[in-house]
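Structure first, commentary second.
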Amino acid sequence: MSPVAEKDRAAVQLLLDAGTCPRCVLRFCSVGSQQLYRHPQQDLLKDLQEFLKSSQEKEGTVCLDVADPPCKRLRLEQQGEGADELNHNGAIPQLPSAGNTGNTALSGNTALDSSAGRVCNVCLGILQEFCEPDFVKKVCQKVNSADYQFTSFVFSVSLPPQLSVRERAAWLGVKQQMRNLGLPLAKDDIVQLKEAYKWIIHPQLAEELGVPADGKSLFEVSVVFAHPETDEECHFLATACPDCFKPAKNKQSVFTRMAVVKALERIKEEDFLKHFPCPPGSPKNLCDALEIQCNNGAVFVAGRYNKYSRNLPQTPWIIDGERKLESSVEELISEHLMAEFKADSFNFSSSGREDVDVRTLGNGRPFAMELVNPRRIHFSAEDMKRLQQAINDSSDKIQVRDLQLVTRSAIGRMKEGEEEKTKTYSALIWTDKAIQREDIAFLDDIKELRLEQKTPLRVLHRRPLAVRCRLIHSMSSEYIDQHHFRLRLRTQAGTYIKEFVHGDFGRTKPNIGSLLNRTADILELDVESVDVDWPPSLAD
């Protein structure tokens, strides 16, 4: 049984004679059977040949009957010397009509001969050589050598932009043939090249890799194709539709696939046909598979950290390219996670941050780390406990607890309502004038004290100038001696505690100095709790 319908006979003849591979012929004939595309291309070509021969025998003639008059731009390549060369000025070899039965008449055998062994004029060989077992094995060798953990895969392909131009040219040719027969052919009727390619290659990759293809898989195998020989074929679109081709950051060329597709949607058919042959000619060379890449979806790890050093920043402290301190909380944690997950890079985030000279005590500060493109992704609860212990054993400056795998969406809970969350601090305060216990006792009775804080001078270089309203929910004082006392504060998140103590030259009002009517300064500050109920606490 033929894979195509009788109405498609003229289109099949036109495409095969122009050098189109059998799988692209099926695409332009709107064949939607995935299984058919997986047949060897030699068998498909033979089936199409038999289809053409049987149609000709029914009509009692060896020439292809095409409705008169044919489209002026749709003519088959002349046989003889130079038959494989296409005139790129728009002159296309004459398509034989019912009355033209001389040397230019092409039998089914001619169609077979002209397509066999040639690079497809539409897909540039992607549905030919790159569907063969040898290429599939090459892809799988690349995947296996990268040493990823995965239980399924999603396959993606990047095609050269000029393929869209060739597809449009082939479609215009077939559409004209169908129009001559009184049949419509919409662009949406054509099976997309990427879709057909995945129909063919998915089962082969799944068998070779031993895992199923899954559109929702986080492990991606991608192939990037290029075809230098025809790179300039889409350049005429920049003249016809200049607004579609604008330079963009991180793009080596303005001729991206999206820009070309956009231009093809705008250009008129008659303008397109002035610049590009229809159907397109066959290239000399196949596409190049420039890159075979693997990428695992990010893994997210969360926990809480305590910082016991007053000489350790949360993130690397680098000014003008010069490192100020040898390490950071971020680096002490990420060093172990990166090694275990074998990731390319990471992104660190936390619920607020403390200054380099501030300790974080109590139940610690919530943090999360995104591990980009990890090779290892399978970690049990016991594995995470061992990893946590390794981090804790590596330094006496920090400790980590509740280390666990989380989802991307769960990280949002760490940032939700951050302004409404409360934090508890302990500050050691010095005063210039002597104090007695009764001088500070009134601080214990102050509730919901509203502050106005201008952006502190010490952070003005990296934060915009603004006045922020913050609340001191409660305070508790502990007298030490005539010039020192400890103050415990429960505050709104985002409150600048150091500035609340010394006043920052009057930029924070009120402040401890103004409340005590004397100069006050902060000697030590500890974060005692960050009231964020995330990540979930784990049993020891």
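Taking the stated definitions as given, is LEU273 outside any loop (DSSP other than H, G, I, E, B) and hydrophobic (A, V, I, L, M, F, W, C)? Explain how you work it out, then say what you get.
Details: outside any loop (DSSP other than H, G, I, E, B): yes; hydrophobic (A, V, I, L, M, F, W, C): yes.
So LEU273 fits the description; yes.
Can you go through ASP147, ASP134 and tell me which one is open to solvent by 30 Å² or more (accessible area, probe 1.4 Å) and either at pLDDT below 95 or under 30 Å from PRO374 (Cβ atoms) (or both)?
Only one candidate qualifies: ASP147.
Please find, among VAL139, VAL143, VAL122, the residue that is in a helix (DSSP H, G or I), within 25 Å of ASN285 (Cβ to Cβ) and in contact with a helix residue (DSSP H, G or I) (Cβ under 8 Å, 6 or more places away or on another chain).
Every option except VAL139 fails the conditions.
List, please: which pairs have Cβ atoms under 7 Å, are six or more places apart or on different chains, and start with a residue in region 200-224 that is within 15 Å of GLY297 (Cα to Cα) and of a type in the set (A, V, I, L, M, F, W, C) and end with one that is open to solvent by 50 Å² or more (accessible area, probe 1.4 Å) and not in a helix (DSSP H, G or I)?
As it stands, the answer is none, since no pair meets every condition given.
To keep it simple, each residue is scored yes or no on (1) assigned to a loop (DSSP other than H, G, I, E, B); (2) aromatic (Phe, Trp, Tyr); (3) over 30 Å from the mean Cα position of the chain (by Cα).
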position	(1), (2), (3)
ASN295	no, no, no
SER309	yes, no, yes
LEU312	yes, no, yes
PRO316	yes, no, no
SER327	yes, no, yes
ILE333	no, no, no
MET338	no, no, no
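Counting just the residues of region 336-350 that are surrounded by fewer than 15 Cβ atoms within 10 Å (Cβ to Cβ) and touching a residue at least 12 places away in the same chain (Cβ under 8 Å), which one comes out farthest from LYS397 (Cα to Cα)?
Residues of region 336-350 surrounded by fewer than 15 Cβ atoms within 10 Å (Cβ to Cβ): 339, 344-345, 347.
If we keep only those that are touching a residue at least 12 places away in the same chain (Cβ under 8 Å) too, we end up with 344-345, 347.
Numbers: ASP344: 26, SER345: 23, ASN347: 21 Å.
By that ranking, first place goes to ASP344.
Within region 472-491, is even one residue surrounded by fewer than 18 Cβ atoms within 10 Å (Cβ to Cβ), outside the structural domain of SER350 (by the TED database), over 22 Å from SER351 (Cα atoms) and among the β-branched types (Val, Ile, Thr)?
Yes, region 472-491 has at least one match.
So, of the residues in region 495-525 that are out of contact with any His (no Cβ under 9 Å at 6 or more places or on another chain) and polar (S, T, N, Q), which turns out to be surrounded by the fewest Cβ atoms within 10 Å (Cβ to Cβ)? Steps first, answer last, please.
Taking region 495-525 and keeping what is out of contact with any His (no Cβ under 9 Å at 6 or more places or on another chain), we get 495-507, 509-510, 514-518, 524-525.
Still in the list and also polar (S, T, N, Q): 495, 514, 517.
Values: THR495: 20, SER514: 13, ASN517: 9.
Here the residue is ASN517.
So that you can scan it fast, the table gives a plain yes or no per residue for (1) farther than 27 Å from ASN363 by Cβ; (2) in contact (Cβ under 8 Å) with a residue 60 or more places away in the chain:
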{"residue": "GLN293", "(1), (2)": "yes, yes"}
{"residue": "TYR308", "(1), (2)": "no, yes"}
{"residue": "TRP317", "(1), (2)": "no, no"}
{"residue": "GLY321", "(1), (2)": "yes, no"}
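List every residue pair whose Cβ atoms lie under 7 Å apart, where the two residues are 6 or more positions apart in sequence or sit on different chains, the first residue falls within region 419-432 and is in the same structural domain as TYR479 (by the TED database) and in contact (Cβ under 8 Å) with a residue 12 or more places away in the chain, and the second residue, located anywhere, is among the polar types (S, T, N, Q) and part of a loop (DSSP other than H, G, I, E, B).
Every condition considered, the pairs that remain are THR431/THR519; ASP432/THR519.
Could you please find all residues in region 288-327 being among the polar types (S, T, N, Q) and buried (at least 20 other Cβ atoms within 10 Å of the Cβ)? Working first, answer last.
To start, the set of residues in region 288-327 that are among the polar types (S, T, N, Q) comprises 293, 295-296, 306, 309, 311, 314-315, 327.
Answer for region 288-327, where residues must be among the polar types (S, T, N, Q) and buried (at least 20 other Cβ atoms within 10 Å of the Cβ): ASN296, GLN314.
Which helices (runs of 4 or more DSSP H) sit wholly inside region 159-265 and have at least 2 residues that are within 23 Å of the chain's Cα centre (by Cα) and surrounded by fewer than 16 Cβ atoms within 10 Å (Cβ to Cβ)? Give the steps one after another, and end with the answer.
On the way: elements: 162-180, 193-209, 236-240.
The qualifying helices (runs of 4 or more DSSP H) are 193-209.
Report yes if some residue within region 321-328 is at pLDDT 95 or above and aliphatic (A, V, I, L, M); otherwise report no.
No, region 321-328 has no match at all.
The values are calculated or read from the model by the stated rules, or taken from the named source; none is laboratory data. All values derive from a computational prediction rather than experimental measurement. Note that each Cβ is placed from the backbone with ideal geometry, even for glycine, and that neighbours are counted across all protein chains shown. For the accessible areas, the whole protein counts, side chains as well, though only heavy atoms, and no ligand, DNA or RNA atoms are used. Shrake-Rupley method; radii C 1.70, N 1.55, O 1.52, S 1.80 Å.
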